[in-house]
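*Asks:* Here it is, the structure, as structure tokens.
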Amino acid sequence: ADGAPCFISTQRFHSPDAMPKRAGAPAKAKSAKVAKVVEPAPVSPLDALLDALARHFPADVETLRAALPHAIGSNKEERQSFQSMVIDTFTQLQTQVTAKLSGAVQAAEAEEAEVAAAKAQAAQALEAAVGEEKAKREHKDAAEQALAAAEEAKRGAFVAVDAARAALAEAETALQDKESGIQHAKDIVGDAWVVLREGTIEPKDWRLRDKQIKKVATLLGDAAVSASLLAAVPGALKERPDNRGPFAKLAVQHGAEALATHVDELVAAKDAARASIDAKEAVAITTAAGAAEEASARVEMSQNASIAAQNAWADATTVVFELKPDKLAKRGADAAAGAAAARAELEGFQAARAAYE
């Protein structure tokens, strides 16, 4: 303050009883010790204000505490620049703390007002939020069902692909069997049938002849010739060509025609099987694979939709939780306590400041 210089001591008051005794003082007779009540050292208004400032700027106040009494005690007109800076810093700290605490009070009171407004709208907002949460939950459930259906369709599509591939493999195996059958029939017609028809097997090799006749008879059976022709051909082939009668020659001729027709039918069946593979089984695999790809894409889309629906439902659930009365009540109590504490701290600082001034 302005006026005559004064010095304000920051030393705490100490009881004389607590001071050390001089050496050589006469010893007193021992007596029963009585517990003494030590009064707390009085705190000056300046110390109280510095203590309040230290709660916010401890480092600055620690340095300021030692220099401030000397600066305040100096004559205003004779103060050096550092002393003026000390006093200015002291004043600025008071202003800053006042602003800080005032801001805290304003923020706490704003929170109180916000909670009060939220409570006024809570019932209506909660009802709307519950409805929104229900809609989001239903949408989430529908998305999860759609995802399950898409995954089932995908599994079915890949089963169809496997089935189409299995059918193709089976058809290829059957085609290979037909080709093997054609080659077998051609071998018999081009070998066994020729030597039997021409009679080139020697009579002494009748066992070889009978073996070849058996091959021809089996092939004729595969050709589904009549029972009469199947019975006549083996006997005619046992005769040498120059010993065959008209009927035997006729049987050999019909047998040759039947074998040629059978080979042609086998070739035609093989060609039809190949055409069927090219036109159906391979196309079936392509179609099934395309369906599987589409099913996979639908699964991915359904997964994304399900995740989005779950997130939206979670957000709606959070809103409902925040609007519940017990949540608002706790928030209101916390806001009231915070505002009261902020006002109390501001009032306490203002009181300390007023006491010093």
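The values are calculated or read from the model by the stated rules, or taken from the named source; none is laboratory data. Treat the numbers as computed from the prediction; the structure is a model and nothing was measured. When we count neighbours, we look across all protein chains shown, and the Cβ atoms used for this are built from the backbone with ideal geometry, even at glycine. What goes into the accessible areas is simple: the full protein's heavy atoms, side chains included, and nothing from ligands, DNA or RNA. Shrake-Rupley method; radii C 1.70, N 1.55, O 1.52, S 1.80 Å.
*Asks:* Go ahead and run the numbers for FRET between GLU78 and ALA329, Cβ-Cβ distance against an R0 of 51 Å, rounding to 0.05. Walk me through the numbers before you get to the answer.
*Replies:* Details: r = 62 Å, r/R0 = 1.21.
After rounding, the FRET efficiency stands at 0.25.
*Asks:* Run through the range 235-265 and list the GluC sites (Glu not before Pro) located in a DSSP loop whose Cβ has at most 16 other Cβ atoms within 10 Å. Mind showing how you got there, number by number?
*Replies:* Values: sites: GLU239, GLU257, GLU265; in loops: GLU239.
Qualifying residues, ordered by number: GLU239.
*Asks:* While we're here: State which entries of LYS140/LYS330; LYS215/LYS249; LYS214/LYS249; LYS178/LYS249; LYS215/LYS270 exceed 26 angstrom in Cα-Cα distance in the structure shown.
*Replies:* Numbers: LYS140/LYS330 31 Å; LYS215/LYS249 19 Å; LYS214/LYS249 19 Å; LYS178/LYS249 31 Å; LYS215/LYS270 22 Å.
From the list (LYS140/LYS330; LYS215/LYS249; LYS214/LYS249; LYS178/LYS249; LYS215/LYS270), the Cα-Cα distance tops 26 Å for LYS140/LYS330; LYS178/LYS249.
*Asks:* If you take the alpha carbon radius of gyration of the chain and divide it by 2.2 N^0.38 Å, what ratio comes out, to two decimals?
*Replies:* In units of the 2.2 N^0.38 Å rule of thumb, it is 2.78.
*Asks:* Continuing with the same structure: Relative to a virtual label point 7 Å from the Cα of GLN121 in the Cα→beta-carbon direction, which members of the range 318-354 show backbone nitrogen distances below 13 Å?
*Replies:* Correct set: 323.
*Asks:* R0 = 41 Å: FRET efficiency of ALA279 with ALA256, Cβ-based, nearest 0.05? Walk me through the intermediate numbers first.
*Replies:* Working: r = 35 Å, r/R0 = 0.84.
The computed FRET efficiency comes out at 0.75.
*Asks:* Take the Cα of THR286, step 7 Å along the line toward its Cβ, and report every residue of the range 166-181 whose backbone nitrogen sits under 16 Å from that point.
*Replies:* Only 168 pass the distance filter.
*Asks:* Related question: Go through GLU133, GLU111, GLU179 and list them by solvent-accessible area, largest first, probe radius 1.4 Å. Let's see the in-between values first.
*Replies:* Values: GLU133 30, GLU111 60, GLU179 90 Å².
Sorted descending by solvent-accessible area, the residues read GLU179, GLU111, GLU133.
*Asks:* Starting from 0.36 nm per residue, how many nanometres of slack lie between ALA308 and ALA224 once their C-alpha separation is accounted for?
*Replies:* Working: separation 84, 0.36 × 84 = 30.24 nm, distance 6.87 nm.
Extending this stretch completely gives an extra 23.4 nm.
*Asks:* Assigning unit charges at the beta carbon (Lys, Arg +1; Asp, Glu -1) and nothing else, what dipole magnitude in debye, to the nearest 20, does the chain show about its Cα centre?
*Replies:* Numbers: 43 positive and 52 negative charges, 339 e Å.
The dipole magnitude comes to about 1620 debye.
*Asks:* OK, next. Taking a probe of 1.4 Å, how large is the accessible area per residue of the range 246-357, in Å²? Mind dumping the intermediate values first?
*Replies:* Values: 6620 Å² over 112 residues.
Result: 59 Å² per residue.
*Asks:* Then there is this: Of MET85, MET301, which has the most accessible area with a 1.4 Å probe, and how do the rest follow in descending order?
*Replies:* In descending accessible area the options line up as MET301, MET85.
*Asks:* By how many nm would the segment from ASP191 to ALA99 grow when fully extended, if each residue of separation counts as 0.36 nm and the alpha-carbon distance is taken off?
*Replies:* On the way: separation 92, 0.36 × 92 = 33.12 nm, distance 11.84 nm.
Separation in residues times 0.36 nm, less the Cα-Cα distance, equals 21.3 nm.
*Asks:* How high is the relative contact order of the chain, in percent, counting Cα pairs under 8 Å that sit 6 or more residues apart?
*Replies:* Numbers: 263 pairs, mean separation 107.8, N = 357.
It comes to 30 percent, rounded to a whole number.
*Asks:* Using a cut-off of 19 Å between alpha-carbon atoms, which aspartates and glutamates can reach LYS211, once sequence neighbours fewer than 8 places away in the same chain are excluded?
*Replies:* ASP187, ASP191, GLU198, GLU202, ASP222, GLU239
*Asks:* On to the next question. Taking N as the number of residues in the range 62-179, what is its Cα Rg relative to 2.2 N^0.38 Å?
*Replies:* Numbers: Rg = 40.8 Å, N = 118, 2.2 N^0.38 = 13.5 Å.
Here the Cα radius of gyration is 3.03 times the empirical estimate.
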